[in-house]
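Here is the structure we will look at.
Please treat every number below as a calculation from the coordinates, not as lab data. These figures come from a predicted structure and were not determined experimentally.
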Amino acid sequence: MHHTPNVLSASFIQYLGLEVDDFPEVDISQHFRKAAEFLDEALLTYRGKVLVSSEMGISRSAVLVAAYLMIFHNMAILEALMTVRRKRAIYPNDGFLKQLRELNEQLMEEREEDWPGKAQLRLPVRAVL
């Protein structure tokens, strides 16, 4: 994903531009929380309408949407990826999948600390792709 010039700001579109190359060794995880928070706010503010895009739309954008689902909708990695896959074909690179697995482990640990022995509350998911 590449940073979009200020062309969009004149049209009252809120955007978050991230520079992330689609290579397995790239650290996309540094953007998980920021992108998830941006998506959550956008979905609440703009009546559930967001566009998440990257050059091909099959790796970077898919991983960021999956991270959003994991962080804000308490989904495990497989459920998040399958939710995105129901909307479009995705093929995240192996490095990005590894980073999602690490996020999954981190979130499971955080939730276990917050809710020892309790099942997590699941909220309905709005279509984001």
The range 40-106, Cα convex hull volume normalised per residue, Å³: 83 Å³
Backbone HN-Hα couplings from phi across the range 29-37 [Karplus 6.51/-1.76/1.60, Hz, Gly and Pro as x]: 4, 5, 9, 4, 5, 4, 5, 5, 5
